[in-house]
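The values are calculated or read from the model by the stated rules, or taken from the named source; none is laboratory data. Note that the structure is a prediction, hence the values are computed from the model and not measured. So basically every Cβ, Gly included, is an ideal-geometry build from the backbone, and we count neighbours across all protein chains shown. Ligands, DNA and RNA are stripped out before the accessible areas are found, and what is left, the full protein with its side chains, is counted by its heavy atoms. Shrake-Rupley method; radii C 1.70, N 1.55, O 1.52, S 1.80 Å.
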Amino acid sequence: MTSELRDLAVTAAQAAGQLIRDGRHKSLEVAFTKSSEVDIVTEMDLAAESLLIERILEQRPDDGILGEEGGLRPGTSGLTWVLDPIDGTVNYLYGVGPYAVSVAVVEGEPHPQLWSALAGCVYQPGTGDGQDGVTYDACRGQGAQRNGRPVAGPTDVGLRHALVGTGFGYLEARRRRQAAVIAALLPELRDIRRLGSAALDLCLVADGRLDGYFERGLNPWDHAAGALIAQEAGARVSGPGEGAPTVEMTIAAGPRLHRELSLRLRELDAFAD
Ligand code: IPD
């Protein structure tokens with residue numbers, strides 16, 4: 001059953017990915033802004049989320065939907081699909097950096113602290129100039145794949161040698177605090193990357209291409225699929241404490257770096273705005 005859910009997550013994410021890639025040159029309108037004037041929603045975010053919902057409900061009419069753009073639409077089956085139609089919307093708008101479609105299906109209450117993720121897919125569309133699309137997927141208890149092959153798994157480095165991904169929220173006050181944390185942390189690491197898609201950051205930890213990742217302020221749809229993929233690859237993914245990611249913090253890395261990074265972020269008071 002979970003592999004059927006995974007297959008649906010993959011086909012829906014790939015279909016939405018093709019839509020946004022092919023439509024980029026035709027429709028690049030900002031539809032509206034959300035939490036601040038730099039937190040944008042494009043027409044394509046809306047179109048891709050509608051396509052995902054249509055594909056999923058066609059096959060699973062009793063399931064719920066929690067979408068970045070449309071919010072919660074409760075179901076009756078106990079399963080909810082958590083959708084980010086374009087994770088990395090700013091990259092998409094500017095045509096710089098990666099973006100992805102993220103689709104997860106979870107069991108239980110539609111809240112990261114209460115749900116258990118069953119399957120997920122993060123699909124990065126190809127760019128059309130030689131770079132092919134990349135599909136990351138996972139089923140609970142069955143490992144994680146990149147383009148159908150097992151991912152490399154997380155690395156085992158300490159903080160000093162770690163290449164760490166992070167991201168910044170859209171609110172001014174939060175960004176000031178995030179900048180202060182980075183200013184303190186940067187000299188202590190190999191380097192920092194701000195790729196612009198939290199879902200892909202998590203997949204890169206799963207595949208050993210980033211040693212770790214942390215970010216304050218993620219929404220459930222940003223991490224639902226990527227966290228499962230990273231966990232299934234053997235990474236630790238948590239919030240500020242032992243539990244699931246929260247809006248305060250998401251930390252993902254191999255066990256050693258996860259421990260060191262969590263400790264350092266706590267010392268730097270990174271869980272506060
Ligand atoms: C954003 C991206 C970004 C992260 C932001 C997210 P969106 O998602 O994941 O990397 O830093 O916190 O909001 O808005 O492009 O779906």
The number of residues in segment 70-101 that are within 18 Å of Arg24 (Cα to Cα) and crowded, with 17+ Cβ neighbours inside 10 Å is 14
Restricting to segment 16-39, name every residue that is at pLDDT 75 or above and basic (Lys, Arg).
Arg21, Arg24
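So that you can scan it fast, the table gives a plain yes or no per residue for (1) among the basic types (Lys, Arg); (2) under 24 Å from Gly67 (Cα atoms); (3) open to solvent by 20 Å² or more (accessible area, probe 1.4 Å):
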residue	(1), (2), (3)
Arg190	yes, no, yes
Phe214	no, yes, no
Leu218	no, yes, no
Trp221	no, yes, yes
Leu228	no, yes, no
Glu232	no, yes, yes
Arg236	yes, no, yes
First in segment 55-66 and over 11 Å from Trp81 (Cα atoms), second anywhere and modelled with pLDDT under 95, Cβ under 6 Å, 6 or more apart
none
